[in-house]
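Novice: Below: one structure in structure tokens.
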Amino acid sequence: MADPRVLHVITDPRARGAQRLAHDLHGELRRRGQPSTLAALHPHPDADPATAAAVPVLGPSRHHPATLRALRRAAARADVVVAHGSSTLQACALGLFAARTPFVYVNIGDPRHWTATPLRRLRVGAFLHRAAAVAAISPHAAEVLRTRFRLPARRLRTLPNARPADRFRPAADPADRAAARTALGLPADAPLIAWVGALSPEKRPDLALAAHALLPADVHLALAGEGPLRAALARGPRTHLLGPLADPAPLYRAADLLLLTSDSEGVPGVLIEAALAAVPAVATDVGWVSDVVRPGEGGLLVPPGDPAALAAALRTLLAADRTRYAAAARAHALAHFDLAPVATAWQHLLREVARPR
């Protein structure tokens, strides 16, 4: 039996968050010979031109009538649609209503955060019940979806967030690390903390700066990302604003630690990427971050919104022998978040729910 034709729908062409998983899964399915296409609901001014050129845009905005009509036409050429992230849920639930092509929704974030009001819970629940299946990236998320929205257990799947392990190799030796730092314009031998993400309120880059200010004077902080808070972030002699990186892997090879300061997360891809690169992390204990960072093994977790606690955890790891933390982080990521076995599980689900040809 031929593998089903898959249409991946993302919010916009940027390769971040839910979109990153979609890009990677789409590429891996194509590598295996499965028909797979990728489309974005709408354009975005911050999208990398090379990435955006390879992703067709369906319309002017996520829920515009022209976007929904284009989505329905694209879905008719597929056997199953995969909707990646919350913005695509409503589009697929409306645009594919009564269509022959089923859709699978991928829940990336913490639904308790983005359905905080009763009205929003009711609306999202109605959209979720239109999906042929809902994929959660953590067993804890699957349980929240089951109880919060009364989704039948048979419609829920746990399919982890994942990254290709070979893309995020650890630094081979000190010379490799120094070369990565030089290429990024970072100091060759100072302790270096990396922060990677959207410069947006829920990611709390301000906490990264506040925690950094409490660290010894030789510690440097490199922030990679773009977003509305960039203009408000102060650049200093020990603070490096790198902007968006098309490939964050060199920054992981350059870094001693990764810092995550978010108020809300699901299972963050940046933690998986850093762990694959054998970089221990200090992270806020939100969502299902602990699926990736096991406290005391691959890093340390602290309560959200507390720069002093973040700084204390960073000082602890900077002073420790990080070899043990690095090895544990990488081993755990390889065992649970490598894209290859996750893509195989996805293929099983897609065969199960696809419309027959």
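Novice: For the chain, with all protein chains present and a 1.4 Å probe, just round the carbon and sulfur fraction of the accessible area to a whole percent.
Specialist: Solvent-exposed carbon and sulfur of the chain make up 56 percent of the total.
Novice: When you have a sec, figure out the Kirkwood radius of the chain from all distinct Cα pair distances and drop it here in Å to one decimal?
Specialist: 20.9
Novice: Roughly how many debye, to the nearest 20, is the charge dipole of the range 73-147 about its Cα centre, given +1 on each Lys and Arg Cβ, -1 on each Asp and Glu Cβ, and no other charges?
Specialist: Rounded to the nearest 20 debye, it is 240 debye.
Novice: Let me ask something additional. Can you give me the angle between helix 174-184 and the longest principal axis of the chain, using Cα atoms only, in degrees from 0 to 90, rounded to the nearest 10?
Specialist: Orientation of helix 174-184: about 70 degrees from the principal axis.
Novice: Could you state, as a whole-number percent, how many of the C-alpha pairs of the range 1-156 are farther apart than 26 Å?
Specialist: In whole percent, the long-distance tail amounts to 23.
Novice: Next up: I'd like the FRET efficiency for Leu334 and Ala312, computed as 1/(1 + (r/R0)^6) with the beta carbon distance as r and R0 of 35 Å, rounded to 0.05.
Specialist: The value I calculate is 0.75.
Novice: Next question. Rounded, prolate or oblate for the range 191-307? Axes are the square roots of the Cα gyration tensor eigenvalues, ordered a ≥ b ≥ c, and the cut-off for rounded is a/c under 1.5.
Specialist: Since a/c stays below 1.5, the shape of the range 191-307 is classed as rounded.
Novice: Classify the range 176-259 as rounded, prolate or oblate, taking a ≥ b ≥ c as the square roots of the eigenvalues of its Cα gyration tensor: rounded when a/c is under 1.5, otherwise prolate if a/b is larger than b/c and oblate if not.
Specialist: Since a/c reaches 1.5 but b/c is at least a/b, the shape of the range 176-259 is classed as oblate.
Novice: Compute the long axis of helix 322-336 from its Cα atoms, compare it with the longest principal axis of the Cα atoms of the chain, and write down the angle in degrees, 0 to 90, nearest 10.
Specialist: The two axes meet at around 10 degrees.
Novice: Quick check: pseudo-label points 7 Å beyond the Cα along Cα→Cβ at Asp3 and Phe97, how many nm apart are they?
Specialist: Calculated label separation equals 3.4 nm.
Novice: Taking each pair of different alpha-carbon atoms in the range 104-245 once, compute 1/r for the pair, average those values, and report the inverse of that mean as the Kirkwood hydrodynamic radius in Å to one decimal.
Specialist: It works out to 18.4 Å.
Novice: Provide the packing ranking of 265-276, 322-333, 290-301, i.e. peptides ordered by the mean count of other C-beta atoms within 10 Å per residue, highest first.
Specialist: 265-276, 290-301, 322-333
Novice: Given points 7 Å out from each Cα along the Cα-Cβ axis, report the Ala175 to His63 separation in nanometres with one decimal.
Specialist: Result for the modelled spin labels: 5.7 nm.
Novice: Same structure again: Can you figure out the FRET efficiency of Glu352 with Asp321, using R₀ = 41 Å and their beta-carbon distance, to the nearest 0.05?
Specialist: So, using R0 = 41 Å, E works out to roughly 0.30.
Novice: Round to the nearest 0.05 the FRET efficiency obtained for Arg121 and Ser200 when R0 = 30 Å and r is the Cβ-Cβ distance.
Specialist: That gives a FRET efficiency of 0.85.
Novice: Let me ask something else. Using per-residue counts of other Cβ atoms within 10 Å, averaged over each peptide, order 11-20, 184-193 from highest down.
Specialist: Taking the mean over residues of other Cβ atoms within 10 Å, the ranking is 11-20, 184-193.
Novice: For the chain, report the accessible area per residue in Å² (1.4 Å probe, heavy atoms, rounded to an integer).
Specialist: Heavy-atom SASA per residue in the chain reads 41 Å².
The values are calculated or read from the model by the stated rules, or taken from the named source; none is laboratory data. If you're wondering where the values come from, they're calculated on a predicted model, not measured in any experiment. So basically every Cβ, Gly included, is an ideal-geometry build from the backbone, and we count neighbours across all protein chains shown. Just the protein is used for accessible areas: all its heavy atoms, side chains included, with ligands, DNA and RNA removed. Shrake-Rupley method; radii C 1.70, N 1.55, O 1.52, S 1.80 Å.
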